[in-house]
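Below is one structure; the comments refer to it alone.
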Amino acid sequence: MSVFKVGSRVYLANAALRQSAGIGTVLHVISTDGGPNDFVYDVKFASARRTLRGSELIPVRTGRVSASFSCEEKTSLWIAHQKALNASMKALTTLADSAGTVAKVEFEFLKKRVDYLEQRVEMARQRLDEHVAKHRC
Ligand SMILES: [Zn+2]
């Protein structure tokens, strides 16, 4: 079973639900009585926040901002997407860390920033998808 950290990007292990839930981000790691490697995770998905066991999640591999496809435009779109994803992950980690420790105004500001950055990830992903669909690369 994988162990995740705050800020980890995850998919649902359940293939039928994976597509509709999309990528989630671990907001909290909660230990249980089940042993040192038994955790439940508070995960934020675009549609909802859910509490899930590690066995219900699989990791999304991110963090690499370099890539090399034979198509130059695809490569630059991919890098733009990875950069946007990393920026939103960082902002989300900051938000998760600040919960309960900063003033409400500041928390709202951080939340808006996360929303904004997640929109940019979505836009970058759409541009990449559109290019791949059109260019078949
Ligand atoms: Zn292309």
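We did not get these values from a lab; they are worked out from the coordinates using the rules stated. All figures in this text were calculated on a predicted structure; none of them were measured in a lab. So basically every Cβ, Gly included, is an ideal-geometry build from the backbone, and we count neighbours across all protein chains shown.
Over all directions, how big on average is the projection of the convex hull of the alpha-carbon atoms in the chain, in square nanometres? Walk me through the numbers before you get to the answer.
Numbers: hull surface 38.2 nm².
Over all viewing directions, the chain projects a mean Cα-hull area of 9.6 nm².
Scan around Val43 for amide H atoms under 5 Å from its own, H built in the peptide plane at 1.01 Å from N, and keep only partners 5 or more places away or cross-chain.
Correct list: Leu27, Arg50, Thr51, Leu52.
Roughly what would the spin-label model give for Val105 and Asn37, points 7 Å off Cα along C-beta, in nm?
Modelled inter-label distance: 4.8 nm.
Order of Tyr11, Tyr116 from fewest to most other C-beta atoms within 10 Å? Don't jump to the answer; show the numbers that get you there.
Values: Tyr11 19, Tyr116 12.
Least crowded to most crowded, the residues run Tyr116, Tyr11.
Using θ = phi - 60° and the Karplus relation 6.51 cos²θ - 1.76 cosθ + 1.60, list the HN-Hα couplings for region 104-121 in order, rounded to whole Hz, with x at every Gly or Pro.
Going residue by residue, I get 4, 4, 5, 4, 4, 4, 5, 5, 5, 5, 4, 4, 4, 5, 5, 5, 5, 4 Hz, with x marking Gly and Pro.
Around Asp115, what is the net charge, scoring Lys/Arg as +1 and Asp/Glu as -1 over all other residues with Cβ under 12 Å from its Cβ? Before the final figure, lay out the partial values.
Values: positive: Lys44, Lys111, Lys112, Arg113, Arg120; negative: Glu108, Glu118, Glu122.
Residues near Asp115 contribute +2 overall.
With no solvent and one point per C-alpha, what does the Debye sum give as log10 I(q)/I(0) for region 9-59 at q = 0.18, 0.19, 0.21 Å⁻¹?
-0.51, -0.56, -0.67
Quick check on the exposure proxy: order Val132, Val105, Val43 from fewest to most C-beta atoms within 10 angstrom.
Working: Val132 16, Val105 8, Val43 24.
Ordered by Cβ neighbours within 10 Å, fewest first: Val105, Val132, Val43.
Provide Ile23, Ile30 in ascending order of the number of other Cβ atoms located within 10 Å of each residue's Cβ, fewest first.
Values: Ile23 19, Ile30 9.
Fewest to most other Cβ atoms nearby, the residues stand as Ile30, Ile23.
Find the Cα radius of gyration of region 72-135, compare it with 2.2 N^0.38 Å by division, and give the number to two decimals. Can you show the working numbers first?
On the way: Rg = 14.7 Å, N = 64, 2.2 N^0.38 = 10.7 Å.
Against the compact-globule rule of thumb, the ratio is 1.37.
What net charge do the residues around Arg50 carry, taking every other residue with its C-beta under 14 Å from that of Arg50, with Lys and Arg at +1 and Asp and Glu at -1?
On the way: positive: Arg18, Lys44, Arg49, Arg53; negative: Asp42, Glu56.
Counting the neighbours of Arg50, the net charge comes to +2.
Using the Karplus curve 6.51 cos²θ - 1.76 cosθ + 1.60 with θ = phi - 60°, what ³J(HN,Hα) values do you get for each residue of region 13-27, in whole Hz, with x for Gly and Pro?
Coupling constants for region 13-27: 5, 5, 4, 5, 9, 4, 4, 6, 6, x, 8, x, 10, 6, 9 Hz.
Would you work out the relative contact order for the chain, in percent, from Cα pairs under 8 angstrom that are 6 or more residues apart? Intermediate results must be reported in sequence, preceding the final value.
Details: 188 pairs, mean separation 28.8, N = 137.
It rounds to 21 percent for the chain.
Could you give the distance between the Cα centres of region 15-38 and region 54-125, to the whole Å?
Comparing the Cα centres of region 15-38 and region 54-125, I get a distance of 18 Å.
Given the DSSP H assignment, sum -39500 (n - 2.57) over each helix run of at least 4 residues in the chain and divide by its residue total; what's the result at 222 nm in deg cm²/dmol, nearest 500? Before the final figure, lay out each step's value.
Details: 3 runs with 66 residues, N = 137.
Rounded to the nearest 500, the figure is -17000 deg cm²/dmol.
Can you tell me which of Ala99, Ala124, Ala87 moves the most in a GNM of the chain? Springs connect C-alpha atoms under 10 Å apart.
Ala99
Where does the charge balance sit around Cys137 when Lys and Arg score +1, Asp and Glu -1, over other residues with C-beta under 15 Å from its C-beta? Display every interim value, and only then the final one.
Numbers: positive: Lys74, Arg127, Lys134, Arg136; negative: Glu72, Glu73, Asp129, Glu130.
Net charge around Cys137: 0.
If you build a Gaussian network model of the chain, linking Cα atoms that sit under 10 Å apart, which residue out of Gly54, Gly24, Gly34 swings the most?
Result for the chain, Cα springs under 10 Å: Gly34 fluctuates most.
Mind checking which of Glu122, Glu72, Glu108 has the largest fluctuation in a GNM of the chain, springs on alpha carbons under 10 Å?
Among Glu122, Glu72, Glu108, the largest GNM mean-square fluctuation belongs to Glu72.
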